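To keep things clear, I will list the structure first and then write my remarks on it.
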Amino acid sequence: MSEQRSAQWYAGGGKDPYIHRAWMRRGLPAHAFDGRPHIAIANTASDLTPCNMHLDEVAAAVKQGIWEAGGIPLNLPVVSLGETQVRPTAMLWRNMAAMATEEMLRANPIDGVVLLGGCDKTIPSLLMAAASVDLPAVVIPGGPMITGTFRGVPLGCGTSTYRLSEEVRAGTMSREEFLASESSMIRSKGHCNTMGTASTMGLVAEALGTTLPGVAGTPAPDARLLEASHATGRLAVELVEADRRPSTILSRGSFLNAIVALAAIGGSTNAVVHLLAIAGRLGIELSLDDFDRTGSGVPLLVDLQPAGRFLMDDLHRAGGLLAVLREVRDLLDPTALTVTGRPLVEYLDTPRIWDPEVIRVRAEPLQPEAGIAVLYGNLAPRGAVIKPAAASPHLMQHRGRAVVFDSIEDFHARIDDPALEVDADSVLVLRGCGPKGYPGMPEVSNMALPAKLLAEGVRDMVRVCDGRMSGTAFGTVVLHVAPEAADGGPLGLVRDGDPIVLDVAGRRLELDVPAAELASREQSPAALAGYAAPMRGWQRLYIDHVQQADTGADLDFLIGGSGHDVGRESH
Ligand code: FES
């Protein structure tokens with residue numbers, strides 16, 4: 001075998017390699033140090049990340065594959081983020097998780113890494129880390145849970161929660177009925193079963209070429225996930241021997257393929273910030289406009305909640321991502337590689353659609369043009385995004401008067417006030433929720449509608465926010481407004497009653513107030529409250545260095561990579 005990176009720690013007869021070997025000899029045989037690839041399993045299993053709790057089982061299968069192929073598997077627990085658990089928002093910690101994982105991959109005697117993720121931020125942070133270290137790396141998405149049902153009706157994680165809670169607020173469902181659905185929704189191991197961010201990022205990781213093709217979307221309890229994990233362990237050894245690294249696999253074409261996939265599956269808007277951040281780590285040119293240019297004309301082919309009806313185990317049963325991509329093969333970059341060393345398109349000859357209700361053929365899409373639209377205007381000089389697949393067609397061209405909230409707490413305090421001046425044509429504006437302003441850019445943009453309008457039967461309104469939205473959410477929501485209010489963006493200048501114009505076809509988001517009037521206004525100080533709060537540690541570092549959503553919300557000093565060389569010895 002060729003000389004491995006880990007040999008810099010282990011090879012030789014001196015004191016230093018003696019120390020490195022001796023402390024690792026707790027079950028590892030002497031031949032573990034004869035030049036075999038040492039493969040870390042970056043494992044986000046955690047009891048506090050419920051969607052990833054099963055990843056130790058996945059890691060065990062990966063280990064077997066690595067041993068079988070002649071490598072040495074090493075479990076490496078890394079920072080794990082449970083989307084439903086951590087406060088104030090998991091996104092605040094994505095860059096911290098990426099930074100910590102990057103440093104541990106670089107600092108340790110490893111030659112390659114298998115990345116085990118699932119819940120929303122875990123695959124993005126792992127890919128950002130691997131890109132910056134540039135060691136051979138392969139992802140295993142932990143997979144979605146199987147569908148839960150309540151009174152005979154399938155429940156989509158998140159999506160059904162929003163719908164049912166709106167029914168309670170509208171008075172069409174009792175609280176007792178609502179609470180009775182709780183234990184029916186989360187029925188097995190795995191991440192959310194809607195086309196939320198976790199499902200999206202697993203599938204996007206496959207479209208990027210970073211997984212074994214065909215694995216993403218395999219339900220977490222499915223025996224085939226363990227089989228694929230074993231095979232991925234074997235592949236990790238091959239990656240090291242072939243020196244196949246993120247920088248040699250991923251190209252601009254890989255990211256454009258991911259954007260095509262994102263549109264065809266009706267994926268989460270969160271993929272925009274994550275893909276921009278991953279590309280930034282690799283130095284690959286990718287902009288917000290690429291999502292509109294490449295994705296907006298792509299048909300929506302997957303009928304999954306929140307845009308449609310079905311759930312992730314239906315998608316897997318119907319043929320999975322490769323069957324979807326086969327329908328849009330002509331839109332894919334044929335040169336973009338996968339971790340196997342072969343182009344992604346070479347895996348599209350045999351997949352078939354087994355249920356055309358779940359995966360539509362290209363000629364009969366759910367929507368002819370489904371990708372994320374990027375809006376500009378005096379309210380979003382650096383851009384904002386909207387997911388037309390989750391929006392209401394009748395609101396895509398809209399003019400309405402602003403009802404402004406300076407924080408999510410302000411919103412909760414006033415949205416159900418009977419005296420609030422709001423009607424179905426109003427535009428709900430929420431600010432102070434960007435990367436710096438919250439801080440951490442929480443998933444609050446899909447604001448709940450006023451109870452009095454819900455009671456009248458209103459089910460969607462135009463909403464504008466500098467935060468993010470859960471991938472499981474739906475509605476005519478303009479989000480990721482950049483720059484955010486706390487960074488001096490014009491969102492901070494909006495006042496109640498100002499006319500706002502949304503024109504999705506024209507890609508415009510305008511505040512219809514004379515420029516001279518806007519110039520005379522001051523930023524809302526209330527929207528800066530989160531930004532101005534005293535803080536230390538990571539939050540201080542984050543606020544001082546986080547970039548805006550239009551470039552991926554990474555920290556300025558984490559963009560790019562530092563490779564995997566460590567010149568100095570530890571003792
Ligand atoms: Fe983990 Fe939805 S909460 S994927």
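Highest mean first, what order results for 519-526, 5-12 on Cβ atoms within 10 Å?
Values: 519-526: 12.4, 5-12: 18.6.
Those peptides, ordered most packed to least, come out 5-12, 519-526.
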Nonlocal amide H pairs with L300, under 5 Å, H built at 1.01 Å: L366, Q367, E369, A370
Mind checking the dipole of the chain: about its Cα centre, +1 per Lys or Arg Cβ, -1 per Asp or Glu Cβ, Debye to the nearest 20? 1020 debye
Using a 1.4 angstrom probe on heavy atoms only, work out the carbon and sulfur share of the accessible area of the chain in %. 52 percent
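Which order do peptides 550-561, 169-180 fall in by mean Cβ count within 10 Å, highest first?
Numbers: 550-561: 19.2, 169-180: 12.7.
Descending mean neighbour count gives 550-561, 169-180.
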Please report the spacing between the Cα centers of segment 147-206 and segment 356-430 in Å, no decimals. 21 Å
What residues have an amide H closer than 5 Å to that of G117, excluding those fewer than 5 places away on the same chain, when H is modeled at 1.01 Å from N in the peptide plane? I140, G142
Distance between Cα centroids, segment 441-492 to segment 239-284: provide it in whole Å. 27 Å
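Which loop-located GluC sites (Glu not before Pro) does segment 1-80 contain, where loop means any DSSP state but H, G, I, E or B and the Cβ has at most 12 other Cβ atoms within 10 Å? It would help to have the intermediate numbers written out before the result.
Numbers: sites: E3, E57, E68; in loops: E3.
Loop-located and lightly packed - E3.
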Using Cα pairs under 8 angstrom and six or more residues apart, how large is the relative contact order of segment 367-467, in percent? 24 percent
Using DSSP, restrict attention to beta bridges with both residues in the chain and report what percent are antiparallel, rounded to the nearest 5. 40 percent
I need to check one value: relative contact order of the chain, counting alpha carbon pairs closer than 8 Å and at least 6 residues apart, in percent. 14 percent
With Cα atoms, 0 to 90° folded angle of helix 55-68 axis to the chain main axis: 30 degrees
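With the other protein chains left in place, how much accessible area per residue, in square angstrom, belongs to segment 313-438 at a 1.4 angstrom probe?
On the way: 5410 Å² over 126 residues.
Value returned for segment 313-438: 43 Å² of accessible area per residue.
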Ellipsoid semi-axes in whole angstrom, largest first, where each is sqrt(5λ) of the Cα gyration tensor of segment 129-234: 35, 15, 9
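For the chain, what is the mean residue ellipticity at 222 nm derived from helices alone (per DSSP H run of n ≥ 4: -39500 (n - 2.57); sum divided by total residues; nearest 500 deg cm²/dmol)?
Values: 21 runs with 197 residues, N = 571.
So the helix-based figure for the chain works out to -10000 deg cm²/dmol.
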Of the peptides 492-505, 229-242, 463-476, how do they stack up when ordered by the mean number of other Cβ atoms within 10 Å, highest first? 463-476, 229-242, 492-505
Between segment 286-309 and segment 14-88, how many Å separate their Cα centres? 36 Å
Any cysteines in the chain with zero other Cys Cβ atoms under 4.7 Å from their Cβ? List them, or say none. C433, C465
Quick calc: nm separation of the 7 Å Cα→Cβ label points for I19 and T149 -> 6.2 nm
Derived scalar couplings ³J(HN,Hα) [segment 548-557; Karplus, 6.51 cos²θ - 1.76 cosθ + 1.60; whole Hz; x for Gly, Pro]: 6, 4, 5, 10, x, 6, 8, 7, 4, 8
With an 8 Å Cα cut-off and a minimum separation of 6 or more residues, compute the relative contact order for segment 107-260 in percent. 32 percent
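Roughly how big is segment 141-189's charge dipole about its Cα centre, with Cβ charges of +1 (Lys, Arg) and -1 (Asp, Glu), in debye to the nearest 20? Spell out each step's value before the answer.
On the way: 6 positive and 5 negative charges, 33 e Å.
That gives a dipole near 160 debye.
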Charge-dipole axis of the chain as Lys and Arg at +1 and Asp and Glu at -1 on Cβ define it, positive-most pick from N193, W67, L262: W67
Roughly what angle does helix 90-107 make with the longest principal axis of the chain, taking Cα atoms, 0 to 90 degrees, to the nearest 10? 20 degrees
For the chain, the longest principal axis of the Cα atoms and the Cα long axis of helix 159-170 enclose an angle in degrees, to the nearest 10, of 30 degrees
Calculated on alpha-carbon atoms, Rg and Dmax of the chain in Å: 23.8, 80
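The values are calculated or read from the model by the stated rules, or taken from the named source; none is laboratory data. For clarity, every value in this text was computed on a predicted model and none was experimentally measured. Positions of Cβ are generated from backbone atoms using ideal geometry, with glycine treated the same way; all protein chains shown enter the neighbour counts. Areas reflect the complete protein model, heavy atoms only, side chains present, ligands, DNA and RNA absent. Shrake-Rupley method; radii C 1.70, N 1.55, O 1.52, S 1.80 Å.
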